[in-house]
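Below: one structure, written as structure tokens.
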Amino acid sequence: MIIVMKKKAGREQIDDVIQWIESVGYKAHVSEGVERTIIGAVGDERDKVRLKAAEDMPGVDKVMPILQPYKLASRETRDGDTVIKVGDVEIGGSKCIVIAGPCAVESEEQLMATATAVKKAGASMLRGGAFKPRTSPYSFQGMGEEGLKILARAREETGLPVVTEVMDASDVKLIESYADVLQVGARNVQNFALLKAVGLAKKPILLKRGMMTTLDELLMSAEYVMASGNDNVMLCERGIRTFETSMRNTLDISAVPVLKEKTHLPVIVDPSHAIGQWRFVLPLAKAAVAVGADGLMIEVHPDPRNALSDGPQSLKPEKFHKLMDEIESIANIVRKGYAQGHGAH
Ligand code: PEP
Ligand code: MN
């Protein structure tokens, strides 16, 4: 159920409602909006009508059922958009942010060269996999902890926060000790044990849509993370599998506005893994910004031909620079409804 407080409800009244919700065995998730406070009471669905009694409490405006199966991720339970802060970077706010870097950390030289180049071009965060989910067990699996250390050094050097993938629940603590954002990849979107584990992490989560995941399933996966206690989830559309074989996946551009209507969580688009070919990354990136994405994730490599993974879809630094320039004017138009300071980067 959602307990909507009156506009003028005071702190004490809000606290009383939270206490009461918890006393009847539900968990209270408080969203303090600009206009009013909304409290999501999440717990046993069969018994929820008893929460209606909160309607008689001082400061309560109304008590309504949450219609969607995803409760915490639903727009119904928040007043406004979730803005996730990672250092100085705000995801879901006025700017369309760009996360860039190689598919995998391959060496200190490769990562530093990429990090300094993407920083110069205006990227907000650095990506790079240290634990790689490869289709073949014989392909490069990532550098593991050594890769995490290199990522942390690149952050020191450039100031860019670092995003990296976690594949196993038992690695969450290790990866969290190096990274700023934990990525859950497409192949693990319904690995519920992993989702619960990253829900206990203190760092934000970038949750990628699976290649066969509906938007409601993606939101239920976000719900797992949030129900475990981590509200800072950004969703990522990275292409789904369709009958079309001309590209690696089909970028579901319509996922962006539809998700933005269903959820208050930020939505990122990864055109690189969707299309699989560097030539088409720029037009898709432009489309993603135009359709309202809160950010982009772009693979960049100083020497794509010799990349150990995803070379064909990786942009060289010069091409990435061009991408940053070209999306800026689109971002300025699309995000002009936001507060001051909009821009592509
Ligand atoms: C990646 O970001 O490098 C990756 C493996 O992505 P996805 O999980 O979307 O395939
Ligand atoms: Mn990749």
- If each residue's Cβ is checked for other Cβ atoms within 10 Å, how do TYR138, TYR178, TYR224 rank with the fewest at the top? TYR138, TYR178, TYR224
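For ARG75 and ARG305 in one chain, what is 0.36 nm times their gap in residues minus the Cα-Cα distance, to one decimal in nm?
Numbers: separation 230, 0.36 × 230 = 82.80 nm, distance 4.33 nm.
Result for the pair: 78.5 nm of gain on full extension.
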- Least to most buried among VAL17, VAL289 (fewest other Cβ within 10 Å first): VAL17, VAL289
- Crossing angle, helix 11-23 versus the chain [Cα axis fit, 0-90 degrees, rounded to tens]: 90
- Listed residues ARG153, ARG78, ARG50; largest mean-square fluctuation, Gaussian network over the chain with Cα springs below 10 Å, found at ARG50
- Net lengthening on full extension, ARG46/MET112 (0.36 nm per residue, minus Cα-Cα): 18.4 nm
- Task: Count the DSSP beta bridges whose two residues both fall in the chain, then state the antiparallel fraction as a percent rounded to the nearest 5.
- Result: 40
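Taking only the C-alpha atoms, wrap a convex hull around the chain and report its volume per residue in Å³ as a whole number.
Numbers: hull volume 46.9 nm³, N = 345.
Cα convex hull per residue, to the nearest whole number: 136 Å³.
Would you mind checking LYS7/LYS286; LYS6/LYS208; LYS196/LYS286; LYS7/LYS48; LYS48/LYS85 for any pair whose Cα atoms are more than 30 angstrom apart?
On the way: LYS7/LYS286 40 Å; LYS6/LYS208 36 Å; LYS196/LYS286 34 Å; LYS7/LYS48 24 Å; LYS48/LYS85 33 Å.
Checking Cα-Cα distances, LYS7/LYS286; LYS6/LYS208; LYS196/LYS286; LYS48/LYS85 exceed 30 Å.
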- Task: Would you mind computing, in nm to one decimal, how far apart the modelled labels at LYS173 and LYS336 are, each placed 7 Å from Cα along Cα→Cβ?
- Result: 5.2
- If we count other beta carbons within 10 Å of each Cβ, what is the order of PHE131, PHE320, PHE280, fewest first? PHE280, PHE131, PHE320
- Message: Between ALA53 and MET247, what is 0.36 nm times their sequence separation minus the Cα-Cα distance? Round to one decimal in nm.
- Response: 64.4 nm
- If the label point is 7 Å along Cα→Cβ of LEU67, which residues in region 249-264 have backbone nitrogen under 17 Å from it? 258-264
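Where a number appears in this text, it was derived from the coordinates with a stated rule and is not lab data. None of the values given here were measured: they were computed from a predicted structure. No Cβ is skipped: glycine too gets one built from the backbone with ideal geometry, and neighbour counts run over all protein chains shown.
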